[in-house]
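Data block below; observations after.
The values are calculated or read from the model by the stated rules, or taken from the named source; none is laboratory data. All figures in this text were calculated on a predicted structure; none of them were measured in a lab. FYI the Cβ positions are ideal-geometry reconstructions off the backbone, even for glycines, and counts take in every protein chain you see.
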Amino acid sequence: MSKPLTVAVIGCGGIAQMMHLPTLAERPDLFTIGGIADVSDEVLRAVGERYHIQRRTKDFTELVAAPDIEAVIVLANGAHRKFVEPALAAGKHVFVEKPLGFSASDTQRIAAAAEHSGKLLMVGYHKRFDPAYQRARAEVQGLKALRYVDVTVLHPDEDPYQAHYAFQPPRQPGPKADDATIDATVRRDAGTKEMSALLEETLGPDAPPPARIALFILLTSLIHDINAVRGVLGEPEEVLSAHYWRDGMAQTSVTRFAGDVRVVMSWVSLPGVPLYEETLRFVSPEKRVKLIFPSPYLRHEPTPLVIERMEGDSLVAEHHRVSYEEAFRVELHRFRDYVLTGEPPSPGIEDAIGDMRWIEMIAKKFDGR
């Protein structure tokens, strides 16, 4: 099948405009954008004009019902089940940005809907398609005695990494974000009626607000690292400890994996210094493998890979720039391949279920004292 795949895009905000819409538009031989849906009339008009899309609607069900739409790409903020289930029920294949669900039961309900529909459902974990990640995974899985994994995310204000994009409609410059502004934004997004109910499914109704914030960050940011580590090591055995501080805007957990491997994972909100840091380091006596992910908002920025090993009596540090390929682009092209071939997608539903299982294990260990 050589004709373009006709897709509808639900949600035309930041990640759609920075990554997914340009990827779809640059290859008209592979994709046709058959329609867009968003809650904002202004966004619909501006994005529709930029990409010459005539079908624009605030009611996503109009796109889901359209017979020419073959697949739906869900990029909207918040919970995704209200978009994914109708699309599957209408016989559409679905690509959905992470997380698939915001609780175990939410995820399982979507999984059941996908199984019932018989349609393909792929979850957007773009780091799994990063060429440096794939090289690192092969290196780590070849180690004889992995002992320790360190995951550290130092999360600054995102504006410096987004300001160079020509958003539609244009964004108006605002005051420099500080701790109070960023904290308030996260509390707002985590505190909607819909999101609060989903977070309660994991934590219970009496959980303190900082625990909800910490879980929300696990689900919306650290989930990339959750999935990346599982993609290398498989399933965790036990979460030994989990601690949050700064009212939930910082957290650290320790998890045991097979072979008595420990994974220490930390996330800290750090506005002020515009330097995004996300490192995954896999340590063994024979070799150390470190991935240094750049901000996800920088297109075609290669992920540095550092491999440290001994050569006789000399310590050798190999610095690899594996590729300038954009992981977001690779994943959408792979989604199209899955649709055309019928091959089960990876990452798919089982990945989302496994991620949620580990996230729940961490959340149930949360201690904010």
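What are the residue pairs meeting all of these: first residue in the stretch 343-359, first residue of a type in the set (Gly, Ala, Ser), second residue part of a helix (DSSP H, G or I), Cβ atoms under 7 Å, and 6 or more apart or on different chains?
Partner pairs satisfying both residue conditions: 352/107; 354/230.
When you scan the stretch 238-259, how many residues do you find that are exposed (fewer than 15 other Cβ atoms within 10 Å of the Cβ) and among the basic types (Lys, Arg)?
Total meeting the criteria: 1.
Residue under question is residue 78, and the condition is that it be assigned by TED's automatic domain parsing to the domain that holds residue 115 and at pLDDT below 95; does it hold?
It is true that residue 78 is assigned by TED's automatic domain parsing to the domain that holds residue 115 and at pLDDT below 95.
Would you mind finding the one in 271, 205 that is over 30 Å from residue 176 (Cβ atoms) and at pLDDT below 95?
Criteria check complete, one pass: 205.
Just need a number here: residues in the stretch 32-54 that are within 22 Å of residue 65 (Cβ to Cβ) and assigned to a loop (DSSP other than H, G, I, E, B).
Matching residues across the stretch 32-54 total 5.
Rundown of residues vs (1) in a loop (DSSP other than H, G, I, E, B); (2) free of Cβ contacts under 8 Å to residues at least 12 places away in the same chain, yes/no style:
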{"residue": "160", "(1), (2)": "no, no"}
{"residue": "165", "(1), (2)": "yes, no"}
{"residue": "175", "(1), (2)": "yes, yes"}
{"residue": "180", "(1), (2)": "no, yes"}
{"residue": "189", "(1), (2)": "no, no"}
{"residue": "198", "(1), (2)": "no, no"}
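What's the number of the only condition in (1) in a helix (DSSP H, G or I); (2) within 28 Å of residue 96 (Cα to Cα) that residue 235 fails to meet?
The failed condition is (1).
Go through the stretch 247-293 and report how many residues are touching a residue at least 24 places away in the same chain (Cβ under 8 Å), in a strand (DSSP E or B) and hydrophobic (A, V, I, L, M, F, W, C).
Residues that pass the stated criteria total 13.
Report, by residue number, each residue of the stretch 1-14 that is of a type outside the set (D, E, K, R) and either part of a strand (DSSP E or B) or out of contact with any Asp or Glu (no Cβ under 7 Å at 6 or more places or on another chain) (or both).
1, 2, 5, 6, 7, 8, 9, 10, 13, 14
Going through the stretch 122-144 one residue at a time, which ones are under 20 Å from residue 70 (Cβ atoms) and out of contact with any Pro (no Cβ under 7 Å at 6 or more places or on another chain)?
Answer for the stretch 122-144, where residues must be under 20 Å from residue 70 (Cβ atoms) and out of contact with any Pro (no Cβ under 7 Å at 6 or more places or on another chain): just 124.
Go through (1) part of a helix (DSSP H, G or I); (2) farther than 30 Å from residue 218 by Cα and name the single condition residue 29 misses.
For residue 29, the exception is condition (1).
Which residue, of 194, 235, 201, 278, is assigned by TED's automatic domain parsing to the domain that holds residue 308, buried (at least 19 other Cβ atoms within 10 Å of the Cβ) and among the acidic types (Asp, Glu)?
It is 278.
Being surrounded by 19 or more Cβ atoms within 10 Å (Cβ to Cβ) and in contact (Cβ under 8 Å) with a residue 24 or more places away in the chain is the filter here; which residues of the stretch 56-69 pass it?
Within the stretch 56-69, 60, 63, 64, 69 meet the criteria.
Which ones in the stretch 316-344 are buried (at least 20 other Cβ atoms within 10 Å of the Cβ) and either part of a loop (DSSP other than H, G, I, E, B) or small (Gly, Ala, Ser) (or both)?
Of everything in the stretch 316-344, those that are buried (at least 20 other Cβ atoms within 10 Å of the Cβ) and either part of a loop (DSSP other than H, G, I, E, B) or small (Gly, Ala, Ser) (or both) turn out to be 326, 327.
Do we find a residue being among the hydroxyl-bearing types (Ser, Thr, Tyr), within 23 Å of residue 334 (Cα to Cα), part of a loop (DSSP other than H, G, I, E, B) and at pLDDT 95 or above anywhere in the stretch 113-126?
yes
I'd like to verify a number: residues in the stretch 55-77 that are within 25 Å of the chain's Cα centre (by Cα) and not in a loop (DSSP other than H, G, I, E, B), how many?
The total comes to 8.
Determine whether residue 90 is surrounded by fewer than 20 Cβ atoms within 10 Å (Cβ to Cβ), of a type in the set (A, V, I, L, M), out of contact with any Gly (no Cβ under 7 Å at 6 or more places or on another chain) and closer than 30 Å to residue 191 by Cβ.
So residue 90 does not fit the description; no.
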